[in-house]
């Protein structure tokens, strides 16, 4: 469908891409991964045709259309929300406009006018074209996508200028999905979505007819959707036949093989260099020395990506607080005539680990500010418990940094008693590495300022953390550092976030914020999402007709019986999944062994000495080709098995 052929791009003396090649097939679901700065966004722009490579080319079939969604920066003005979304159907609107013009012309012509028959024929052709374009479903498609992405029915006639940047990006995504290009390129598509909209998007993309390439730091999103991973590193692009979790496991193995190959290569180079150094001055060996020098110049050195040091961070030991950490009673927050929070009661106890979730606009960030005491209540009471030391991270804090300070002095200001190594280690964990720590705050981007504000908060001694979207500007390694630190934290915290993978191991309660109030639910994010799916399924179940309404059978169950049935459901799922997972593990072992054997054969084939014996070379090549075929079949089987496991889990959830 589309291929990259030896694509190269260089900025100054740095090669961003070096002879990158890949093929994208119809219905591919690809996760594009790599460290910050490796060029993921640039590669998407090259594929989309928005920028060109220095060399190489992008080859695409004539029928292929490409749609690209950047991380931010798109805004629409001058139309209502519905009218702007409608522009995705450009051909439909054009045909409708021509049809209306032809109809007006027909109405103005006399029935005996010879032009009337021709115009009626054109009208019929245009009407047929609208049917081919499925124009009569256009309105329902637009509304379905907009509502799925979190807009309300009442938003449809609002001017687009009234929507903030995050909602503008949702609108841009809606238009892109409605265009239905052959290849969708999505750069961090979940950044501006709440959990419900994320789930809708996952479901929509799961059934999308075209191919997808996703850049995301949300591993749950990548794992759910992708069956293939392209990894950018050192200007090269490596292909992995699985989702992000598969890539993580397989890349460790590949790096180990590459490291061994590099060591073997260096050993041979050292031997050659010793020969050159020893016989350079001997006239009788001059030809051999020159031959070895030329050989060394032609060798393509095996490069390894610089190994990331294992960075860890621990919070300063928190002092013990009282049992009740914070309490709200009758808490109400208004902005003019708009009531955001109404008559809320909430108690946070020592050791609570709470996730705050809800649709965008429900008041999650307002609640976080009220809990932190940075937003005064309109009415009601807020009281902190004994010996509570509260630290609050909010996005707006990034704008309050002193622009005259450097990154390091800004962080050091929060912890003057801590040594430089600890502060710089923490800054490194949040992507301020090397000389970056000496940058003035005034030149930092919005994302960099946000990360610095987070570091400043983490350096404070506290026993109660309130974090509002702390992972928005973090890569996967930084999120892992923060996650591990929170797991070891002995205090209390409340986190506003839509990052399921980040939240799931951390939390023990979910606080759902909606326009109707608060709801507290025990369990982690997986438990909460299962509950939401059950509730949604119950809402969609057709109600019984007839005299009176009959409640669903499970509504009559006692809690103990409901728990028993849930346990039975889990046991049944385990009975079905365990054999599949055993097969999956065995297959992964088989792939791992085959990958090791392939690496050995590749090293053997790269050795010129092999070809001195034709029969040995023939046998080795034949074995290598057979092994490649075996691996392809194993990858295909692994993908099918992973799909079967995911399908069984979905069926069980419903």
key: Residue match in region 389-410 (condition: touching a strand residue (DSSP E or B) at 6+ places or on another chain (Cβ under 7 Å), exposed (fewer than 15 other Cβ atoms within 10 Å of the Cβ) and not in a loop (DSSP other than H, G, I, E, B))   = no
request  = Could you pull out the residue among 56, 34, 73, 52 that is closer than 20 Å to residue 184 by Cα and surrounded by 15 or more Cβ atoms within 10 Å (Cβ to Cβ)?
outcome  = 34
key: Enumeration of residues in region 498-510 that are surrounded by fewer than 22 Cβ atoms within 10 Å (Cβ to Cβ) and touching a helix residue (DSSP H, G or I) at 6+ places or on another chain (Cβ under 8 Å)   = 501, 504, 505, 506
key: residue 120 being under 21 Å from residue 218 (Cα atoms) and without any contact (Cβ under 8 Å) to a residue 60 or more places away in the chain   = no
query = Where residues in region 206-222 are in contact (Cβ under 8 Å) with a residue 40 or more places away in the chain and more than 16 Å from residue 47 (Cα to Cα), which of them is surrounded by the fewest Cβ atoms within 10 Å (Cβ to Cβ)?
reply = 209
key: Residue satisfying condition, being buried (at least 17 other Cβ atoms within 10 Å of the Cβ) and in contact with a strand residue (DSSP E or B) (Cβ under 8 Å, 6 or more places away or on another chain), within set 375, 448   = 375
task = Kindly provide the set of residues from region 320-348 that are farther than 24 Å from residue 499 by Cβ, in contact (Cβ under 8 Å) with a residue 60 or more places away in the chain and surrounded by 15 or more Cβ atoms within 10 Å (Cβ to Cβ), ordered by number.
result = 321, 324, 342, 344
task = Name, by its number, the condition in (1) under 32 Å from the mean Cα position of the chain (by Cα); (2) at pLDDT below 90; (3) farther than 30 Å from residue 230 by Cβ; (4) surrounded by 18 or more Cβ atoms within 10 Å (Cβ to Cβ) that does not hold for residue 135.
result = (1)
message = Given the criterion outside any strand (DSSP E or B), exposed (fewer than 15 other Cβ atoms within 10 Å of the Cβ), modelled with pLDDT under 80 and over 37 Å from the mean Cα position of the chain (by Cα), identify the matching residue among 281, 287.
response = 281
task = State all residues of region 242-262 that are under 22 Å from residue 603 (Cα atoms) and either in contact with a helix residue (DSSP H, G or I) (Cβ under 7 Å, 6 or more places away or on another chain) or outside any helix (DSSP H, G or I) (or both); if no residue qualifies, say none.
result = 253, 257, 261
query = Does residue 424 satisfy the condition of being touching a helix residue (DSSP H, G or I) at 6+ places or on another chain (Cβ under 8 Å) and more than 21 Å from residue 478 (Cα to Cα)?
reply = no
query = Which of (1) assigned to a strand (DSSP E or B); (2) surrounded by 15 or more Cβ atoms within 10 Å (Cβ to Cβ) does residue 239 not meet, given it meets every other one?
reply = (2)
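The values are calculated or read from the model by the stated rules, or taken from the named source; none is laboratory data. This structure is a prediction, so every number in the text was calculated from the model and none was measured. FYI the Cβ positions are ideal-geometry reconstructions off the backbone, even for glycines, and counts take in every protein chain you see.
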